[in-house]
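All remarks here apply to the structure that follows.
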Amino acid sequence: MVATHLSTEQIRSRWNDLAEANAFLRDIARQRQENPASDLISAMLQARDNDGHRIDPGAVIRHSLSLIAAGFDTTATLIAHVVLLLTESDQLGALKAELLAHRKCD
């Protein structure tokens, strides 16, 4: 068993959120199978491997969820690092001075 700081209700809520995201992407995948568009989900659904087989729609949904999570994690980490840089160095003062200088020029 994995130890967590989340309550049972919070865990249940996160599973419900994941189920909703999965249902949302299933609907999009179903729509894109019927009417492909110029987007990544359509491209994944139309792609074929070397043997001519298409990617399973369930795999497309899983890949899509992974891409969303990866994008979120990357953005959150970048923001955290910028905040850390600005608060733990003299960079915040330099940034404020630069912004004020630009404001005076406009």
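Let's see how each residue does on (1) acidic (D, E); (2) closer than 24 Å to R14 by Cα:
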| position | (1), (2) |
| --- | --- |
| L25 | no, yes |
| Q33 | no, no |
| D39 | yes, no |
| A43 | no, no |
| Q46 | no, no |
| N50 | no, no |
| D56 | yes, no |
| I61 | no, yes |
| H81 | no, no |
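Within segment 68-84, residues that are closer than 25 Å to L25 by Cβ sit with their Cβ atoms under 9 Å from residues that are surrounded by 10 or more Cβ atoms within 10 Å (Cβ to Cβ), at 6+ positions apart or across chains, in these pairs: I68/A21; I68/L25.
Can you confirm whether R62 is surrounded by 11 or more Cβ atoms within 10 Å (Cβ to Cβ) and out of contact with any helix residue (DSSP H, G or I) (no Cβ under 6 Å at 6 or more places or on another chain)? Give the derivation first.
Values: surrounded by 11 or more Cβ atoms within 10 Å (Cβ to Cβ): yes; out of contact with any helix residue (DSSP H, G or I) (no Cβ under 6 Å at 6 or more places or on another chain): yes.
In short, yes.
Taken over segment 59-106, the residue count meeting the criterion of being out of contact with any Leu (no Cβ under 8 Å at 6 or more places or on another chain), more than 30 Å from A43 (Cα to Cα) and part of a helix (DSSP H, G or I) is 20.
Only the coordinates and a few stated rules stand behind these numbers; no lab work does. These numbers were taken from a predicted model, which means no experiment stands behind them. Backbone-built Cβ (ideal geometry, glycine too); neighbour counts: all protein chains shown.
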